[in-house]
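Student: Right, I'll just put the structure down here and ask away after.
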Amino acid sequence: MDSKEKQLIELLDNAVKEEGIKQHMIGVIQRVEQALENDPKALLSWEPIPLSLYKQQLPSEIKSSWVFNLRKNTNTGAERHPNSIQRMMSYKGHGDFQTKPGSKWESNLLESDFDGDVEKRWISIPINVWHQGLVCDENWIVISFHTAEVSELIEERSENGDENILHKKTYIDKH
């Protein structure tokens with residue numbers, strides 16, 4: 001992570017630590033946990049967080065914020081975003097958020113220690129980079145910031161691992 005990216009991550013990290021966001025997260029976590037419980041086949045559930053809830057001024061490139069609940073003991077499957085840079089923080093739980101910037105998967109072990117180093121809690125994922133969560137023995141709550149608006153964030157998944165056959169959806173279509 002270069003110094004400019006680390007500065008941006010530290011700003012987002014401070015925004016997530018705001019008391020108002022922490023209070024809002026209580027209800028969001030309950031809803032995404034319930035959504036996952038209600039759909040035993042789902043690998044993840046999510047809910048956008050309105051940017052207006054953040055007291056701190058976010059960088060202008062940040063267009064949306066999300067909470068994701070990743071199911072325990074699963075691989076969420078490879079996906080990528082052709083229209084957004086993703087910055088993701090481990091909020092509750094831990095896991096391996098793998099990226100594939102080339103031909104091989106790279107591990108990124110993330111934990112939810114709010115007092116720890118941001119590089120152990122955060123990851124930056126460039127546009128079009130494949131990523132997947134390998135989740136341990138508890139559901140994993142993560143917060144993501146994207147450079148695409150809520151209504152415009154595109155998820156691409158390959159068909160049976162064939163990266164030449166892609167299925168595109170927005171998260172709003174899937175919700």
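The values are calculated or read from the model by the stated rules, or taken from the named source; none is laboratory data. Quick caveat: nothing in here was measured; it's all calculated off a predicted structure. For neighbour counting, all protein chains shown are included, and Cβ atoms are generated from backbone atoms with ideal geometry for every residue, glycine included. The protein model used for the area step is the full one, side chains on, heavy atoms only, and it has no ligands, DNA or RNA in it. Shrake-Rupley method; radii C 1.70, N 1.55, O 1.52, S 1.80 Å.
Student: Could you please state how large a percent of the accessible area of the range 1-86 is carbon and sulfur, counting protein chains only and using a 1.4 Å probe?
Tutor: About 50 percent, which is the carbon plus sulfur part of the accessible surface.
Student: What number, rounded to the nearest 500 deg cm²/dmol, is the helix-based mean residue ellipticity at 222 nm of the chain, given -39500 (n - 2.57) per DSSP H run of at least four residues and division by all its residues?
Tutor: Mean residue ellipticity at 222 nm (helix-derived): -7000 deg cm²/dmol.
Student: Report, ordered by chain and residue number, the aspartates and glutamates lying within cross-link reach of LYS22, taken as a straight Cα distance under 17 Å and ignoring same-chain residues fewer than 8 apart.
Tutor: GLU10, ASP13, GLU33, GLU47, ASP113, ASP115
Student: Follow-up question, since we're still on this one. Can you pull the one-decimal nm distance between simple spin-label points at LEU51 and LYS4, each 7 Å off the Cα toward Cβ?
Tutor: My value for the distance between the label points is 1.9 nm.
Student: Also: Can you pull out the trypsin sites (Lys or Arg not before Pro) in the range 74-175 whose DSSP state is coil and whose Cβ has at most 12 other Cβ atoms within 10 Å?
Tutor: Loop-located and lightly packed - LYS104.
Student: For the chain, the longest stretch holding no GluC sites (Glu not before Pro) located in a DSSP loop with at most 15 other Cβ atoms within 10 Å is which? Write down the numbers at each step before the final one.
Tutor: Values: sites that count: GLU18, GLU61, GLU111, GLU138, GLU149, GLU152.
Excluding the exposed sites themselves, the longest stretch runs over 62-110.
Student: Give the cross-link partners of LYS63 among the lysines, using a straight C-alpha distance below 16 Å as the criterion and excluding same-chain residues fewer than 8 apart.
Tutor: LYS55
Student: Each residue of the range 130-145 in order: what ³J(HN,Hα) in whole Hz does its phi give by Karplus 6.51 cos²θ - 1.76 cosθ + 1.60, θ = phi - 60°, with x for Gly and Pro?
Tutor: With the stated coefficients, the range 130-145 comes to 5, 8, 7, x, 9, 9, 7, 8, 9, 4, 10, 9, 10, 10, 10, 10 Hz.
Student: Let me ask something else about it. Accessible area per residue for the range 51-131 in Å², computed with a 1.4 Å probe and the full protein assembly in place, what is it?
Tutor: Result: 47 Å² per residue.
Student: Quick one: net charge around ILE29, please, counting Lys, Arg +1 and Asp, Glu -1 for every other residue with C-beta under 11 Å from its C-beta.
Tutor: It works out to a net charge of +1.
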